[in-house]
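Take a look at the structure set out below.
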Amino acid sequence: MSEYELAVRSRAAQLPSGPAPATVCVQDGRIAAVLAYGVRVAAAVDIDLAEVALLPGLVDTHVHVNEPGRTEWEGFATATAAAAAGGVTTVLDMPLNSVPPTVDAAALAAKREAASGACHVDVGFWGGAVPGNLDRLAELHAAGVFGFKCFTVPSGVDEFPPLGWPELPAVLHELARLGALLAVHAEDPGELDAAAAPAPGGLRFADFLSSRPPAVEDTAVARLAGLAASTGARVHVVHLSSAGAVPMVAAARLAGTRISAETCPHYLALAAEDVPDGATEFKCCPPIRERANAELLWRGLADGTLTAVVSDHSPCPPQLKRGDFTQAWGGIASVQLGLPVVWTHASRRGHELADVVRWMAAGPARLAGLDGCKGAIAAGADADLVAFDAGAEFTVDPAALRQRHPVTPYTGARLRGVVRQTWLRGRPVDPAGSPAGVLLRRAAPARARR
């Protein structure tokens with residue numbers, strides 16, 4: 001019999017073909033074989049999870065690590081420790097809010113240097129598309145970024161300005177030439193200006209919500225779909241919160257436009273009706289919308305229009321989340337909690353773990369071009385695995401979070417699903433131990449390379 005480094009058995013292994021009893025055999029960091037649950041194998045370590053589910057490591061393509069430059073906000077060590085604790089084994093870091101932002105090859109090199117030796121999971125990088133760096137996109141693409149991120153409204157940090165609608169066609173033509181993806185924070189500046197801004201000192205969440213109505217997103221998504229169709233570029237709408245844009249994405253895809261969209265746990269699990277006034281830990285942009293809107297987002301996931309659920313992990317020091325809804329930083333840090341948050345609310349609606357795996361592992365891996373090695377329990381893939389006790393429950397305690405600042409809107413929430421163990425390429429991840437993650441490059445999607 002073959003000798004394996006590790007065998008992990010589960011009666012609820014989440015395979016590409018569906019849940020099944022299986023034994024996952026690991027050698028040299030890869031899944032060497034997926035066998036029957038009860039088969040005898042020679043393995044240095046043989047773990048039987050029994051009824052505890054075995055998932056592929058999740059892939060989170062929307063994480064703001066903020067290092068270098070704003071490491072006091074988060075940092076690679078803490079962000080990836082939180083990711084591992086939440087069953088996430090691959091993250092893609094956004095080009096902001098680090099200083100410098102990742103808008104040229106030199107900034108990417110600085111970010112890679114900051115991340116080297118500090119990551120508990122595998123990490124790849126997005127490049128940024130901003131005014132004035134059109135001639136730098138090709139060098140970033142050649143350096144291995146997984147795509148490019150832009151804003152159509154102010155990003156919240158001055159060093160990463162938005163692209164105007166007149167500037168986007170040139171960027172999209174260049175990215176179409178490169179075969180690269182553009183991820184877009186899609187809000188329309190005209191609709192945003194037309195909305196009633198909350199008064200300074202405003203503590204009412206309803207006022208903040210009215211300042212970013214659905215039309216702000218819907219108009220931007222419609223314009224973006226038109227530009228994608230006319231340029232042939234591949235575009236992706238990040239953190240979609242307005243369910244009104246879901247049919248637009250579906251129609252554009254049906255017409256052959258290369259557009260996709262994601263949403264986030266907070267848009268699925270939280271509702272504007274439940275946000276207390278003054279509770280700025282709930283602030284994000286676009287905002288958390290009403291409960292009926294969330295139900296339509298779930299429908300978009302169920303029918304396949306929305307292809308990924310990712311965290312948009314966007315932390316900051318606690319003092320920046322204080323004040324009112326005009327002043328507080330707009331971001332929710334949830335890379336550690338995304339899996340139980342989504343599973344809690346998905347299971348209530350009759351969804352299965354296989355659906356969660358599709359939205360949080362396979363879908364994001366496909367978006368990033370990593371589906372050959374990440375996001376699935378299949379022979380030849382990286383042995384990134386998660387033991388997930390789907391029936392266990394816990395109450396969110398901020399002190400148990402591994403992100404740098406334990407600020408969360410989920411404090412005190414009762415969630416279903418506990419990550420019992422995470423393996424990265426067959427090795428158990430200890431978030432308090434030595435980091436073993438590698439830095440990924442788009443140029444080598446079939447295998448993770450340093």
Taking H placed 1.01 Å from N in the peptide plane, check which residues at least 5 places from LEU181 or on another chain put their amide H under 5 Å from its amide H.
-> PHE148
Would you list which aspartates and glutamates come within 14 Å of LYS283, measuring only between C-alpha atoms, while excluding same-chain residues fewer than 8 positions from it?
-> ASP207, GLU273, ASP274, ASP312, ASP324
Given a cut-off of under 8 Å on Cα pairs at least six residues apart, what relative contact order in percent is computed for the stretch 27-151?
-> 22
Where a Cα-Cα gap under 29 Å defines reach, which lysines qualify for LYS374, not counting those fewer than 8 residues away within the same chain?
-> LYS111, LYS149
The chain, relative contact order [Cα under 8 Å, separation at least 6], % | 21
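Calculate, for GLU352 and ALA378, the FRET efficiency according to 1/(1 + (r/R0)^6) with r their C-beta to C-beta distance and R0 25 Å; round to the nearest 0.05. List each step's numbers first, then the result.
Working: r = 19 Å, r/R0 = 0.75.
Rounded to the nearest 0.05, the efficiency is 0.85.
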Contour minus end-to-end for ARG177 and GLN319, with contour as 0.36 nm per residue of separation and end-to-end as the Cα-Cα distance?
-> 46.8 nm
Set the Förster radius R0 to 45 Å, insert the Cβ-Cβ distance between SER230 and ALA279 as r into 1/(1 + (r/R0)^6), and round the FRET efficiency to 0.05.
-> 0.60
Mind listing the long-range amide H neighbours of ILE47? Cut-off is under 5 Å, sequence gap 5 or more, other chains count too, H placed in the peptide plane at 1.01 Å from N.
-> ALA7, VAL8, ARG9
Using 0.36 nm per residue of separation minus the Cα-Cα distance, give me the extension gain between ALA138 and ALA197 in nm, one decimal.
-> 17.4 nm
Taking Cα pairs under 8 Å and at least six residues apart, what relative contact order does the stretch 349-450 come out at, in percent?
-> 26
Let me know the shape class of the chain, please: from the alpha-carbon gyration tensor, a ≥ b ≥ c as square roots of the eigenvalues, rounded when a/c is under 1.5, otherwise prolate if a/b is greater than b/c, or oblate.
-> prolate
The stretch 181-244 versus the stretch 332-381: alpha-carbon centroid distance in Å = 25
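Among bridges DSSP assigns within the chain, what percent are antiparallel (round to 5)?
If I count the DSSP bridges inside the chain, around 45 percent turn out antiparallel.
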Once you have the Cα-Cα distance between GLU72 and GLU3, take 0.36 nm times their residue separation minus that, and quote the gain in nm to one decimal.
-> 20.3 nm
Inter-site label distance for ASP303 and ALA42 at 7 Å from Cα along Cβ, in nm = 5.5
Which of ASP60, ASP158, ASP277 comes first, and how do the rest follow, when ranked by fewest Cβ neighbours within 10 Å?
-> ASP158, ASP277, ASP60
Cβ-Cβ cut-off under 11 Å around GLY232, Lys and Arg +1, Asp and Glu -1: the net charge is +3
Helix-only mean residue ellipticity at 222 nm for the chain, each DSSP H run of n ≥ 4 adding -39500 (n - 2.57), per residue, nearest 500 = -7000 deg cm²/dmol
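Read-outs: derived from the displayed coordinates by stated rules, not from any lab. Bear in mind the structure is a predicted one, so any value in this text is a computation, not a measurement. No Cβ is skipped: glycine too gets one built from the backbone with ideal geometry, and neighbour counts run over all protein chains shown.
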